[in-house]
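Everything below concerns the one structure shown next.
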Amino acid sequence: QYKALFAMDGVELVVEDDAIDAIVEEAEKKQTGARALKSIVERVFIPITYELPSKKDVRRVIITRDVVERGEMPIWVTGTDEEQYPKRA
C-alpha cells in the first residue's frame with residue numbers, strides 16, 4: 001500500500017530486510033497479531049508520508065532498522081545521491 005502511495009509521487013520505497021525484521025520482532029513482543037503490525041507500520045510510515053511533499057527531488061526513500069527502532073528519519077535519496085544508494089535488483 002505505501003509503495004503504491006509513494007510511487008504516485010514518483011518515489012521508490014525501499015524497506016531494508018533489517019527494517020522488516022525489526023517490525024516483526026516488535027510485533028511479536030506485543031503479541032497482538034495483525035493489529036501490532038498495522039500500528040507499527042503506521043507509526044513508521046505516516047510521518048514519512050507527511051514529510052515527503054516538502055522534500056525536493058527525492059527519488060527513493062530507504063527505511064532502515066533505525067527508522068523502525070529509534071524513530072529516525074529514513075534515507076532520502078535525491079537525484080544527486082543515486083550513485084551512493086544504487087537501486088536494488
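Of the lysine pairs in the stretch 2-81, how many meet both conditions: Cα atoms under 22 Å apart, and a spacing of 8 or more in sequence or different chains? Walk me through the numbers on the way to the answer.
Details: 3/38; 3/55; 3/56; 29/38; 30/38.
Value for the stretch 2-81: 5.
Restricting to DSSP H runs of at least four residues, report the calculated mean residue ellipticity at 222 nm for the chain, -39500 (n - 2.57) per run over all residues, nearest 500 deg cm²/dmol. Spell out each step's value before the answer.
On the way: 4 runs with 44 residues, N = 89.
For the chain, the value works out to -15000 deg cm²/dmol.
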Between 0 and 90 degrees, rounded to the nearest ten: what's the tilt of helix 34-51 against the longest Cα principal axis of the chain? 30
With the dipole of the chain defined by +1 on each Lys or Arg Cβ and -1 on each Asp or Glu Cβ, the option from 77, 34, 11 whose Cα lies farthest towards the positive pole is 34
Show the residues, 5+ positions off or on another chain, whose built amide H is closer than 5 Å to the amide H of residue 78. 59
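Let me know the whole percent of all Cα-Cα pairs from the stretch 2-81 that are separated by more than 21 Å. Don't skip to the answer; put the middle values down first.
Numbers: 857 of 3160 pairs.
That fraction is 27 percent.
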Mean separation of Cα contacts under 8 Å, 6 or more apart, over the residue count of the chain: relative contact order %: 32
Given the Cα-Cα distance of residue 12 and residue 78 and 0.36 nm per residue of separation, how much length would full extension add, in nm? 22.7 nm
Which longest uninterrupted range of the chain lacks any GluC sites (Glu not before Pro) assigned by DSSP to a loop state (not H, G, I, E or B) and surrounded by at most 14 other Cβ atoms within 10 Å? 1-71
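None of the figures in this text is laboratory data; all of them are computed from the coordinates on show. Here the structure is a predicted model, which means the values were calculated and not measured. Note: ideal-geometry Cβ built from the backbone for every residue, glycine included; neighbour counts use all protein chains shown.
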